[in-house]
Amino acid sequence: MTKKEKNKLLLNQTVDWAKIDKKKLKLLLNNALEEEVGRQSISKPIDGDITTVSCGLNGIAKAKLVARNETICCGTEIAQLLFDAFSTASLTFAPQCKDGDLIPKFGVIATLEGLTNEILLIERTLLNFIQKLSGISTYASSLVKIIERYEVTLLDTRKTTPGYRELEKYATACGGSANHRMGLFDRILIKDNHLASKNIDNAAKFINFVRSIRSMHPSTFIAVEVDSVEFALSLTSDDVDAVLLDNFKPHQVTEVITALDNDVITEVSGGISFENIESYAACRPDFISTGAPTHMSTWADIGLDWLN
């Protein structure tokens, strides 16, 4: 296996449910509980939904989660953790699909059974998570479908909702995307602001700067973001592992890919949209990265319907 092939495998990593930090997720769910029931301390008992209590709704009921439109499902794994956080011990959740599955319009995602007051207590929070994450998965999947025939891999970014990064990256993975770096800690990525802060305004300064970093980190994965063909073509696989072509025109991407060291991974980023992603994929970069699935997607239309 070549160095480039090994590096591409590194960039093709995805977040699966087993990798998500459940302790952090439980803190998020506890915050969601406080939003709903208004208690000031998680040590206090849950009084429940004041409306449901006033209506005297405490019998056993069954409901289903229904996709109002075709959707890539994501978020079903969160249900039991949510029930634990909300102390809804009577509830059973039966998924009718797995995260990442395509659900047809009016398809059933899961059924839910237990005390009526407990179903109504968790209804909105459960839907909020599944709708949000399924919206991200569906958007990512729609981009993947456009570019996969060109053998180009979609990557997400760090443009995520603060505190939700693992969940949102899990959602893009359910849609078929690979995950870019999780944070600032897991690889070296030299971006435009790093270069600007060092007053690097020509190719000679640029390559000297990159090589100085490589000398300090000889075995670390290094990627560098460039905004000119000149800067991109000054790099070799001895200097960097990947080059990010930021806000390039498609013909410029083709120019770089044609002349660049074949062992350097190419990634296209900046201004990627439904309208132009295929034109970039046709240039055959290794990856196209975009934050659109997390910050441009709309929540999936999913509802809870009673079964009895």
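Give the peptides 196-205, 63-72, 267-276, 82-91 in descending order of average Cβ contacts within 10 Å, highest first.
In descending order of packing, they fall as 63-72, 82-91, 267-276, 196-205.
For Lys98 and Lys24, FRET efficiency with R0 = 22 Å and r from the beta-carbon atoms, rounded to 0.05?
0.45
In square nanometres, what is the average projected area of the Cα convex hull of region 144-295? Please list the in-between numbers first.
Values: hull surface 35.9 nm².
For region 144-295, averaging the hull's shadow over all directions gives 9.0 nm².
Order of 147-153, 285-291 by packing, highest average Cβ count within 10 Å first? If you can, show how the numbers build up before the last one.
On the way: 147-153: 16.1, 285-291: 22.9.
Going by the mean number of other Cβ atoms within 10 Å, highest first, we get 285-291, 147-153.
Using the alpha-carbon centroid of each, what span in Å lies between region 159-206 and region 217-232?
13 Å
Which helices pass in the chain if a helix is a full DSSP H run, must span at least 30 angstrom along its long axis by Cα, and must have mean Kyte-Doolittle hydropathy not below 0.0?
Once both thresholds are applied, what remains is 116-147.
If you wrap a convex hull around the alpha carbons of the chain, what volume per residue comes out, as a whole number of Å³?
Spread over its residues, the Cα hull of the chain gives 150 Å³ apiece.
If each residue of separation counts as 0.36 nm, what is the full-extension length gain between Thr258 and Leu9 once their alpha-carbon separation is subtracted?
87.4 nm
Grab the beta carbon distance between Asn308 and Lys191, set R0 = 35 Å, and tell me the FRET efficiency rounded to 0.05.
Working from the Cβ atoms, E equals 0.05.
Pull up all non-local amide H partners of Ala110: gap of 5 or more, or a different chain, and H-to-H distance under 5 Å with H placed in the peptide plane.
When sequence neighbours closer than 5 places are left aside, the close amide H contacts are Leu65, Gln96.
Alpha carbon centre of region 254-270 versus region 74-141: separation in Å?
42 Å
A short reminder: the numbers here are calculations on the coordinates, not readings from a lab. This is a predicted model, so every value here is computed, not measured. All Cβ positions, even for glycine, are placed from backbone atoms using ideal geometry, and neighbour counts span all protein chains on display.
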